[in-house]
Amino acid sequence: MHIIFYTKSGCPWCDEVRTLLESKGVAFEERECRNSKENYNELVKKSGQTLTPTLDIDGEIIADTDVSAVAEYFQKKGISGF
């Protein structure tokens, strides 16, 4: 599973999702969008919006999400520990 995690510095929802993923041992590649026009443009292109946290999980986009929605996603996929 390859996860790209789009964040913005100072975003409390991003911090919560990051903490959840790290606590569950889920590997991800973080792309900060506030200070990177390239990452920001990629976020918009993939998700059609500008809000974070947004996850790209093997090409499936979970846009403008939160901890409960991320946990629910992994539960539905049958990933243990969520």
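Quick note: the coordinates plus some simple rules give every number you see, no bench work behind them. Just so it is clear, the structure is predicted and the values come from calculations on it, not from any experiment. Please note: Cβ atoms are built from the backbone with ideal geometry, for glycine as well, and neighbour counts cover all protein chains shown.
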Which lysines does residue 8 reach when only Cα atoms under 25 Å apart count, and residues fewer than 8 places away in its own chain are ignored? 24, 37, 45, 46
The chain, convex hull of Cα, quarter of hull surface, nm² -> 4.8 nm²
Between residue 30 and residues 5 or more places away or on another chain, the pairs with built amide H atoms under 5 Å apart involve 5
Relative to the Cα centre, what is the charge dipole magnitude of the chain, using +1 at the beta carbon of each Lys and Arg, -1 at the beta carbon of each Asp and Glu, and rounding to the nearest 20 debye? 80 debye
Here the cysteines of the chain without any disulfide-compatible Cβ partner under 4.7 Å are 33
Which of the trypsin sites (Lys or Arg not before Pro) found in the range 1-49 are in a DSSP loop and have at most 15 neighbouring Cβ atoms, other than their own, within 10 Å? 24, 34
